[in-house]
Amino acid sequence: MGSSSPRAPLLLLFVALAALLSPPAPATASVAYDHRAVIIDGQRRILISGSIHYPRSVPEMWPDLIRKAKDGGLDVIQTYVFWNGHEPSQGQYYFEDRYDLVKFIKLVQEAGLYVNLRIGPYACAEWNFGGFPVWLKYVPGISFRTDNEPFKWAMQNFTQKIVWMMKSESLFQWQGGPIILSQIENEFGPLEWDQGDPAKAYSAWAAKMAVDLDTGVPWVMCKQDDAPDPVINTWNGFYGDWFSPNQPYKPTMWTEVWTGWFTGFGGPVPHRPVEDLAFAVAKFIQKGGSYFNYYMYHGGTNFGRTAGGPFIATSYDYDAPIDEFGLLRQPKWSHLKDLHKAIKLCEPALVSGDPIVTSLGNSQESHVYRSNSGECAAFLANYDTVSFVKVAFNGMHYNLPPWSISILPDCKTTIFNTARVGVQTTQMKMESVGEFSWVSYNDDTDTYADDSFTTVGLLEQVNVTRDNTDYLWYTTYVDIGQDEQFLQNGNYPVLTVLSAGHSLHVFINRQLSGTAYGSLEEPRLTYSGNAKLWAGSNTISILSVSVGLPNIGEHFETWNAGVLGPVTLNGLNEGRRDLTWQKWSYQIGLKGEALGLHSLSGSSSIEWGETSASQPLTWYKAFFNEPEGNLPLAIDMNSMGKGQVWINGQSIGRYWPGYKAFGTCGDCDYRGNYDETKCQTNCGGASQRWYHVPRSWLKPTGNMVVVLEEWGGDPTGISMVTRSTGRACADVSEWQPAMKNWHTKDYERSRIHLSCDPGQKMTAINFASFGTPNGECGSFSEGKCHSHESYDPFEKKCIGQQSCAVTIVPEVFGGDPCPGTMKRIAVEAVCE
Ligand code: GAL
């Protein structure tokens, strides 16, 4: 149908332009708050939230992750907005694929959950540059996160863009959307403390700027004690029970309950026991908390060069309830699900007022909440880090394990204790499903390309590369006279290179002479090694490699990377020669990057050769078919040193199994205060061995994998692996608190539930003992008391099934093997 009036298209254009330029209609608030609760449509709620960062997985994974969050008992999904992903160059926006923010929020909405949108736009988050685009650093006169006009302009511009986008997509709660909360800035309070007035002015401006955007939902500022009304200040940390907001009419909110911690290359892998995590949450709720958010609920992957740091690993698994690959981490996920059920049962009493706190012993307390309509909910806490304690409460006795809290939604019945884990423990397995046959290409070990340039002295790396690549070549020449002593005696001079980070390789006359790298704690490094120089002209080439830009710290945007010197040669006839102020040639990136070898077209533009012995700076290429089935995939890089890997042109991320984890690993006791160094694994091994390969990046056949190896490694050791449940275990007491239906008060005797991943079945029962078994998953053994029919119910109900349940009553196991003794059932099933 044609338009009748020639002016109609013009008018439409005008309307469209006006919509872009003017803010959408003002909001009418439907999310409010008071001292005890966030109030949604008049309903006062205790909200359970979890962080899932959309670009840390692929859109094809989002629905399943969100469903698992919902099944786990969450009300809210929290995410940062990743500015540098959305505005890769100034004024050029990107909201597709992993950065399709609107799609992600709509999926959360479809699942019936709410969103807490942390616009920031500073994120921190172990994300490259804390989420700031690198071009922002080069805006004239800019200084980040302070009272600086260019910065404030850019921050407002982006924040407003996101708010308007959310409004025009009707995503705020009053518009029928899921967004109930937004965050401005991130943990600015501690910096404000150090920086004084300009920082104070900035945070006050940020709060006002945000409030003026009129989102119709409350704004929060985390770790910002002076957040001005109506902005709510919130807390982040491992524990949150000491925290109170800065006004009595604001709810107590914990925006980051750390479920584990991030991994750095060179560091061990942190784990947080779920007994302690559940204890921390219960302690926060018993004290009067109204909202808590697991950071992370699904950590995911730092694909490409999105990892911050420097030295943040590609895996951002975080020991979260949903693992990096999207599988449930057990017992974490299920134990927290049980905790959430218990909290929700207490909700009517919890939102009614403050608790009555009573001491029940030296380190024992009760917190009791009552509503006007008669509901009563109680929390019984034992803070003792060693002992079980029996406490008297309301005329009854309750047994409390050390460092635990029991939840009694009717002030009588314990339905949950934070330390009594009655759910499955899963041991995952990584199984090789194929190797590769490689061809290779050696990159240049020098800077001879046309785009190299020469200048006097040493340049800062990010200024030169603008972070478009990790790599920058620094090359200089050194003349060595015939009469140098070392040419006779073989005592080669020592080359010393001081670098601001993060790692480097030294090539002398095109031969790799040595490698050095910093660490998460100290990105700066000093290289020192003998330089095998010859008489005449020598080339010294230093390949400086960045490993993620910093994401945290005071004015981290000013931190340097690269070889800043001095660079010296010691042990010449003249003694010391300073090379710092010589002429240096620079080349940005590797030749293979310029050729686009990671892509199909780039990779077919060159001749690949047979793979020979391990060589530094080598590219490898292979083709493979997609492994059958639906299990998540990873690529095992353990035989390699350091580099990057791509599949079908998509960057899987940086790999660095050559960096062995340094630290203390060992026993992990949930009792007592947790910090990230307490329960670590991988010491002495690779910090990260497996790299997630999203299935959606694969085709059935003819997939191309490209590896760029800096150090030299053995590509024949690379394999594709599937991740799945290997063993499903449980160790449950016959008196584990449990219930089927609170409203009908239908308590059940404990049941043991076991499940494998979709597509798997239980094929064997490795162990089962009803009695007093010992050990843990993988090493169970019979105790003094053991029922000889322990295996029977599991063999009957579980073999051949994906999941099964067995009730823990003596009759099921052929009678009571030791009357009068408290019994448990321990079981280990094999999933295949
Ligand atoms: C917090 C920060 C998060 C994340 C976390 C550590 O302080 O707000 O963005 O960096 O630390 O994982």
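The values are calculated or read from the model by the stated rules, or taken from the named source; none is laboratory data. These numbers were taken from a predicted model, which means no experiment stands behind them. Quick reminder, even Gly has a Cβ in these numbers, built from the backbone with ideal geometry, and neighbours come from all protein chains shown. The protein model used for the area step is the full one, side chains on, heavy atoms only, and it has no ligands, DNA or RNA in it. Shrake-Rupley method; radii C 1.70, N 1.55, O 1.52, S 1.80 Å.
Using θ = phi - 60° in the Karplus curve 6.51 cos²θ - 1.76 cosθ + 1.60, the 3J(HN,Hα) couplings for the stretch 206-212 round to 4, 4, 5, 4, 5, 4, 5 Hz; x is entered for Gly and Pro. With a sphere of radius 12 Å drawn around the Cβ of Ser334, what net charge do the other residues whose Cβ falls strictly inside it have (Lys, Arg +1; Asp, Glu -1)? My count for the surroundings of Ser334 gives +3. Computing FRET efficiency as 1/(1 + (r/R0)^6) for Lys532 and Asn468, where r is the C-beta to C-beta distance and R0 is 35 Å, gives about 0.60. For a paramagnetic label modelled on His35 (point 7 Å from Cα along Cα→Cβ), amide N atoms under 11 Å away belong, within the stretch 345-389, to 353-355. Length gained on full extension, Asp675 to Asn362: 110.2 nm, using 0.36 nm per residue less the C-alpha separation.
Working from Cα positions, state the angle (0 to 90°, nearest 10) between the long axis of helix 62-71 and the longest principal axis of the chain. Between the helix axis and the principal axis of the chain, the angle is about 30 degrees. Relative to the longest principal axis of the Cα atoms of the chain, the long axis of helix 101-110 makes an angle of roughly 10 degrees. Summing charges over all other residues whose Cβ lies under 13 Å from the Cβ of Thr664, with Lys and Arg as +1 and Asp and Glu as -1, gives -2.
Among 179-191, 518-530, 650-662, 261-273, sorting by the average number of other beta carbon atoms lying within 10 angstrom of each residue, highest first, gives 261-273, 179-191, 650-662, 518-530.
Computing FRET efficiency as 1/(1 + (r/R0)^6) for Asp354 and His397, where r is the C-beta to C-beta distance and R0 is 25 Å, gives about 0.40. Both radii come from the Cα set of the stretch 418-482: Rg as radius of gyration, Rh as Kirkwood radius; their ratio Rg/Rh reads 1.34. Surface analysis of the chain yields an accessible area of 39 Å² per residue, using protein heavy atoms and a 1.4 Å probe. Taking label positions 7 Å along the Cα-Cβ direction at both Leu600 and Asn372, the computed distance is 6.7 nm, reported to one decimal.
Mean shadow of the stretch 125-180, computed from the convex hull of its alpha carbons, in nm²?
5.1
Charge tally around Leu213: other residues with Cβ under 11 Å, Lys/Arg +1 each, Asp/Glu -1 each, net +1.
Three semi-axes describe the equivalent ellipsoid of the stretch 282-325; taken as square roots of 5 times the Cα gyration tensor eigenvalues and ordered largest first, they are 29, 11, 7 Å.
In this rough spin-label picture, where each label sits 7 Å from Cα along the Cβ direction, the Ala204-Ser651 distance is 4.1 nm. In this structure, the amide hydrogen of Gly685, modeled 1.01 Å from its nitrogen in the peptide plane, lies closer than 5 angstrom to those of Ala661, counting only residues at least 5 positions away or on a different chain.
Helical content of the chain, expressed as a calculated mean residue ellipticity at 222 nm, amounts to -5000 deg cm²/dmol (DSSP H runs of 4 or more residues, -39,500 (n - 2.57) each, divided by residue number, nearest 500).
In sequence order, the stretch 791-802 has phi-based couplings of 6, 3, x, 6, 4, 6, 8, 10, 4, x, 9, 6 Hz under the Karplus curve 6.51 cos²θ - 1.76 cosθ + 1.60, θ = phi - 60°, and Gly or Pro positions carry x. Distance between the modelled labels on Gln615 and Thr807, one decimal in nanometres: 7.0 nm (7 Å Cα→Cβ projection). The stretch 463-495 and the stretch 653-716 have Cα centres lying 33 Å from one another. In order along the stretch 261-274, phi translates into HN-Hα couplings of 7, 7, 9, x, 4, x, x, x, 9, x, 9, 10, x, 5 Hz, rounded to whole numbers, per the Karplus curve 6.51 cos²θ - 1.76 cosθ + 1.60 with θ = phi - 60° and x for Gly and Pro. Peptide packing for 337-344, 240-247 was compared via the average number of neighbouring C-beta atoms within 10 Å per residue; ordered from the highest value, the list is 337-344, 240-247. Protection proxy ranking for 484-495, 303-314, 719-730, 143-154, using the average of other Cβ atoms within 10 Å per residue and placing the highest first: 303-314, 719-730, 143-154, 484-495. Here the stretch 611-649 is scanned for amide nitrogen atoms under 11 Å from the site 7 Å beyond the Cα of Thr716 along Cα-to-Cβ, giving 611-614.
Cysteines of the chain lacking any other cysteine Cβ under 4.7 Å from their own Cβ: Cys124, Cys222, Cys346.
Counting only alpha carbon atoms, the long axis of helix 149-168 and the longest principal axis of the chain meet at about 50°.
Per the Debye formula on identical point scatterers at the alpha carbon atoms of the chain, with no solvent, log10 I(q)/I(0) at q = 0.09, 0.10, 0.11 Å⁻¹ is -0.97, -1.15, -1.31. The Rg/Rh ratio for the stretch 338-434 is 1.15, where Rg is the radius of gyration of the alpha carbons and Rh is the Kirkwood radius.
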